[in-house]
1. Multiply the residue separation of N67 and R13 by 0.36 nm, subtract the distance between their alpha-carbon atoms, and state the gained length in nm to one decimal.
2. Provide the percentage of antiparallel DSSP beta bridges, counting only those with both residues in region 1-98; round to the nearest 5.
3. Ratio of Rg to Rh for the chain, alpha carbon only, Kirkwood?
4. In whole Hz, with x marking every Gly and Pro, tabulate ³J(HN,Hα) for region 76-89 from phi via Karplus 6.51 cos²θ - 1.76 cosθ + 1.60, θ = phi - 60°.
5. Using alpha-carbon positions, what is the distance between the centroids of region 73-146 and region 41-56, in Å?
6. R0 = 41 Å: FRET efficiency of L36 with T170, Cβ-based, nearest 0.05?
7. Within the set of other residues whose C-beta is less than 13 Å from the C-beta of D89, count the net charge using Lys and Arg as +1 and Asp and Glu as -1.
8. Simple spin-label model, 7 Å along Cα-to-Cβ: L125 to K112 in nm?
Amino acid sequence: LDGDEWVTSAPVRLDELRGRVVVLVFFSAGCEASLLRLREVTAVAGAARGPVTVIGVHSPRLPFERNGGQLRSVLAQYQVDVPVLHDPDLRTWNRYNPEGWPATFVIDARGKVLGAHHGIGDAGLLAETVALALGSLPRDRSEIPATPAAAPLPLPEGDLAFPTAVALMTGGE
């Protein structure tokens, strides 16, 4: 995993997660489907019966998304609580070569990619793939690494923290 910075956690290395199932979600902060996918994957991982780690890889689609401040704002607004790598130069994206946003890759406990999906709406298939990947766990689970710690960014204060519209007032009202 290679990018500019880890936004919601300390740096995470895939080789340190061997023994866990990892779900990579390539997303774009300006894409509602990407943000829905991140929530969907997080819910599937939370319901899984075993050690599953979700990692978000922010891969900008548009120039304004390269700005880390824009990403931080979106992550705070949606209270994303998984490790997120900001990859504005698409280094990790190019290694996995997804077809579009959002893209999800399931990696088994040995570090092998089991499958990929592009788009949203396949929670059942994703849950089945995660369950299949959990079947690759070693029998001795005493050496399974811990989940990387991640925390949502703090919400900004004030009434205009996340404005959705602006009204033009005339006449001093």
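Readers should treat all values here as calculations from the given coordinates under stated rules, not as data from a laboratory. Just so it is clear, the structure is predicted and the values come from calculations on it, not from any experiment. Note that each Cβ is placed from the backbone with ideal geometry, even for glycine, and that neighbours are counted across all protein chains shown.
1. Net length gain for the segment: 17.1 nm.
2. Looking only at bridges with both residues in region 1-98, the antiparallel portion is about 15 percent.
3. Across the chain, the Cα-based Rg/Rh ratio is 1.04.
4. 5, 4, 8, 6, 5, 10, 10, x, 10, 9, 8, 10, x, 8
5. Taking the Cα centre of each part, region 73-146 and region 41-56 sit 9 Å apart.
6. Once the sixth-power term is evaluated, E becomes 0.60.
7. -2
8. 2.1
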